[in-house]
Amino acid sequence: MPIKIARQVIRIESDAVKALLGRIDRNFERACRLIVRSKGRVVVTGMGKPGFIAQKVSATLSSTGTPSLFLHPAEALHGDLGRMMRDDVLLVFSSSGQTEEVLKMLPLAKKIGVHLVAFTGNKNSHLAKASDIVIDVSVKKEACPMNLAPTASTTAMLAMGDALALALLEMKGFKPEDFAFYHPGGNLGRKLLLKVSDIMRTGKSNPIVRESMKVKQVLYRITHARAGSATVVDRKGRLKGIFTDGDLRRHLERGEFVLTEAVKEVMTKNPITVSGDKLAAQALEILRSRKIDEIPVVDARRRPIGLLDVQDLLKAGIV
């Protein structure tokens, strides 16, 4: 029985969303253009379950380049109406279009000078008649067996709200870098914002050695820096190679005399490098695809300016 009901709920709600496809019309386009041209913000409101949908849509708008805030209709009547300003666009979510608290705030919102867009299932409601633009989010029935609890109607509102937010994203030319700017604390933000130069090892933590230096001395420099490798340069400071723990293990098979050889004899020549302005996430893909743990960071003239270790990416939360 629970499985049957659950499948029925999903079927009804998916049908409600599919029905929205035919309602992406001129009114939807007008709403998008109204918001793009607006000098104000998008104020989103709704009562009860539609109010929770309104909060989510407002959050999605804000994170995708359209400044927005949620205004509770009941609180609006007790002072919060002052959050709205002239030239704002007011999005109202109401399935019936007859919600008392919403209707009471409409004349006041109009007096302030906002533009009104209604997301409603009743095109003949007081809300629809008072609105500049009406977006039809009506459903044939709720998924609730008693056809009472807002279910399919709120799913339809959410889908149409997301459609609006993402259409605006495209119209405004919103880029992944912009998205990351609004999400700096999350893993996504770190992946889209953090550059190699932000986390690479420099100074004493970045052992750079001459190609003539003995392996034993290089190992001391690596140990002192607590690194896994050393970057090898020529007399002019140009990159020549990298010396890693793996290089040492491979050459020790020939005997301990390798410790007295010049590092240029045992280093990995012409190593893979990365620039400081590359995204850390991109550097991680290079490390993974090449199956290496360290990579020298170089400038435009291939002079080493840092060292990136996979551990640095782990600490930064990129992995």
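The values are calculated or read from the model by the stated rules, or taken from the named source; none is laboratory data. What you see is a predicted model, and the numbers here were worked out from it, not measured in a lab. Positions of Cβ are generated from backbone atoms using ideal geometry, with glycine treated the same way; all protein chains shown enter the neighbour counts.
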Criterion (closer than 15 Å to Ile305 by Cα and not acidic (Asp, Glu)) met by exactly one of Gly228, Gly255, Gly246, Gly276 = Gly276
Residue check for Gly185: at positive phi and either within 21 Å of the chain's Cα centre (by Cα) or at pLDDT 90 or above (or both) = no
key: Arg11 surrounded by fewer than 16 Cβ atoms within 10 Å (Cβ to Cβ), in the same structural domain as Ala143 (by TED's automatic domain parsing) and not acidic (Asp, Glu)   = yes
task = Kindly indicate the residue of the range 20-43 that is without any contact (Cβ under 8 Å) to a residue 60 or more places away in the chain and among the aliphatic types (A, V, I, L, M) and also surrounded by the fewest Cβ atoms within 10 Å (Cβ to Cβ) among those meeting that condition.
result = Leu21
Criterion: on the phi < 0 side of the Ramachandran plot, modelled with pLDDT under 95 and of a type outside the set (Val, Ile, Thr) - qualifying residue of His78, His72 = His78
query = In the range 214-234, which residue that is more than 15 Å from Asn270 (Cα to Cα) and touching a strand residue (DSSP E or B) at 6+ places or on another chain (Cβ under 7 Å) is surrounded by the most Cβ atoms within 10 Å (Cβ to Cβ)?
reply = Val218
request  = Of the numbered conditions (1) among the polar types (S, T, N, Q); (2) within 17 Å of Val139 (Cβ to Cβ); (3) over 27 Å from the mean Cα position of the chain (by Cα), Asn27 fails exactly one; give the number of that condition.
outcome  = (2)
task = Would you confirm whether any residue within the range 307-317 is under 17 Å from Arg210 (Cβ atoms), touching a Pro at 6+ places or on another chain (Cβ under 8 Å) and not in a helix (DSSP H, G or I)?
result = yes
ask   = Restricting attention to the range 25-49, which residues are assigned to a helix (DSSP H, G or I) and hydrophobic (A, V, I, L, M, F, W, C)?
value = Phe28, Ala31, Cys32, Leu34, Ile35, Val36
